[in-house]
Amino acid sequence: MTSLNNILDKACKTHDLEKEEIVELLNSDGKELYKRADEVRKEYVGDGVHLRGLIEFSNICKQQCKYCGLRSPNNDVKRYRLEPDEVIKYAKKGADLGYKTLVLQSGEDSYFDVDKMCYIVSEIKKNDVAVTLSIGERTREEYKAMREAGADRYLIRIETSDKDLYKKMHPNMSYDNRVRCLKDIKELGYEVGTGCLVGLPGQSVESLSGDILFFKDIGADMVGVGPFIPHPKTPLKSELNPKNFDMALKIMAITRLILPYDNIPATTAMETINPNGRMIALQSGANVVMPNILDSEYKLKYEIYPGKICLNDRGEKCRGCIEAKINSIGRYVAKDKGFRKHKANSDKD
Ligand code: SAH
């Protein structure tokens, strides 16, 4: 107990931990860790919760990630893609609902070439919103063009920083290229979002602690951590582990201690396996929620994992519902665009 408290004191003061110390926190019951992460969250990023309106605009994907329901070999998915003007229309709707950030996410769908993406981004930017892209691996030139078209942020999770595990989970993909993407994005001046999956088969506590150190090394501005949820149409369908929620929450909380100014979402996957998952996460270090703004027709088909929440609700409903929940835990929806705060200019947006 003493040693646990010593580690937590050190983390709150220096925002630096050794791998062995992280492992010790991951092996604890998490109670004290969550409390400290909540305090650090309040001190560094305050009580405002940033909402990001999520637009999952294509579920077509050329990759074969072992855990993901949208992997190309899964023939049971009804595939869809929104046309660029439909994406722009939904983004306008999101801006009208009051979202200050819109996140465009998709499978790796080459229909959306760099010209189409630049068109979409530049049109959406007319709404006075921040734009986040989450469309997978692209070349540096493509990232550059999309940044110049106005994209502010880019999300690409490393998924796991354990090279061997990465290889097993991602046939035909390369760990080094994933890292290259993150470095390019950083150098091009995007806010960088990364993160990991928690509970992949063969993933150890040591490997997860390496993930947290990786987030720091790469200079992440945002970190999304989610429990792995087995999808029945993937090779990992029988790998359910009920401990994934607590472990994901611990990873998230330690990330808050190490990267105190970062934007950290209470992920949808957390709510999928725990009915109050997002509120628990908001009280254990998180300060962001990403509600989906599409209509059910598309939400139902973007099945990365089964059991996703609010699938039958319209975007408008999700906006009101989440605000009420946030208020119920004594927090409020932030009104600004929610760029990452920095020490020197913590009030600037
Ligand atoms: N194609 C984009 C977007 C991926 S979808 C990209 O490569 O970045 C967003 C995230 O969903 C993934 O990064 C992954 O971490 C998560 N995800 C995929 N399958 C999952 C599953 N079975 N359980 C939980 N999260 C999953």
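Rounded if a/c is under 1.5, else prolate if a/b beats b/c, else oblate: with a ≥ b ≥ c from the C-alpha gyration tensor eigenvalues square-rooted, which is the range 278-349? Note, shape of the range 278-349 comes out prolate. Close amide H contacts of V198 (hydrogens built in the peptide plane, cut-off under 5 Å, sequence separation of 5 or more or a different chain): G226, F228. Taking D16, D217, D162 as the candidate residues, the one with maximal mean-square fluctuation in a Gaussian network model of the chain, Cα springs under 10 Å, is D217.
Short-range pairs are left out: with C-alpha atoms under 8 Å and at least six residues apart, the relative contact order of the range 2-338 is 25 percent. Residues whose amide H lies under 5 Å from that of V333, counting only those 5 or more places away or on a different chain, are V49; hydrogens are built 1.01 Å from N in the peptide plane. Seen from L300, the other residues with C-beta closer than 10 Å to its C-beta sum to a net charge of +1, counting Lys and Arg as +1 and Asp and Glu as -1. With a cut-off of 12 Å between beta carbons, the residues surrounding I326 carry a summed charge of +2, where Lys and Arg count +1 and Asp and Glu -1.
Ranked by how many other Cβ atoms sit within 10 Å of their own Cβ, fewest first, the residues E297, E123 fall in the order E297, E123. Taking other C-beta atoms within 10 angstrom as a stand-in for reagent exposure, V129, V225, V179 fall in the order V179, V129, V225, fewest first.
Sorted ascending by nearby beta carbons within 10 Å, beginning with the fewest, R36, R81 become R81, R36. Working from Cα pairs under 8 Å separated by at least six residues, relative contact order for the range 19-162 is 21 percent. Put a dot 7 Å past the Cα of K183, heading toward its Cβ, do the same for E18, and the two dots end up 2.8 nm apart.
Between D217 and K237, what length comes free when the chain is fully extended (0.36 nm per residue of separation minus the Cα-Cα distance, one decimal in nm)?
Value of the extension gain: 4.0 nm.
Computed over the chain, the per-residue total of -39500 (n - 2.57) for DSSP H runs of n ≥ 4 gives a 222 nm mean residue ellipticity of -12500 deg cm²/dmol, rounded to 500. For a paramagnetic label modelled on S28 (point 7 Å from Cα along Cα→Cβ), amide N atoms under 13 Å away belong, within the range 225-250, to 250. Computed 3J(HN,Hα) for the range 265-278, one whole-Hz value per residue from the Karplus formula 6.51 cos²θ - 1.76 cosθ + 1.60 where θ = phi - 60°, is x, 7, 7, 4, 4, 5, 6, 5, 9, 9, x, 10, x, 6, glycine and proline marked x. For T139, the shell of other residues with beta-carbons less than 10 Å away shows a net charge of 0, using +1 for Lys and Arg and -1 for Asp and Glu. Full extension of the chain between L300 and K335 gives 9.7 nm of extra length, using 0.36 nm per residue less the Cα-Cα distance. Distant-in-sequence amide contacts of R52, defined by a placed amide H-H separation under 5 Å and a gap of 5 or more residues or a different chain, comprise V289, M290.
Computed from the alpha carbon atoms alone, the convex hull of the chain holds 122 Å³ per residue.
Values in this text are rule-based calculations from the coordinates and carry no lab data. Here the structure is a predicted model, which is why all the values come from computation and not from measurement. Note that each Cβ is placed from the backbone with ideal geometry, even for glycine, and that neighbours are counted across all protein chains shown.
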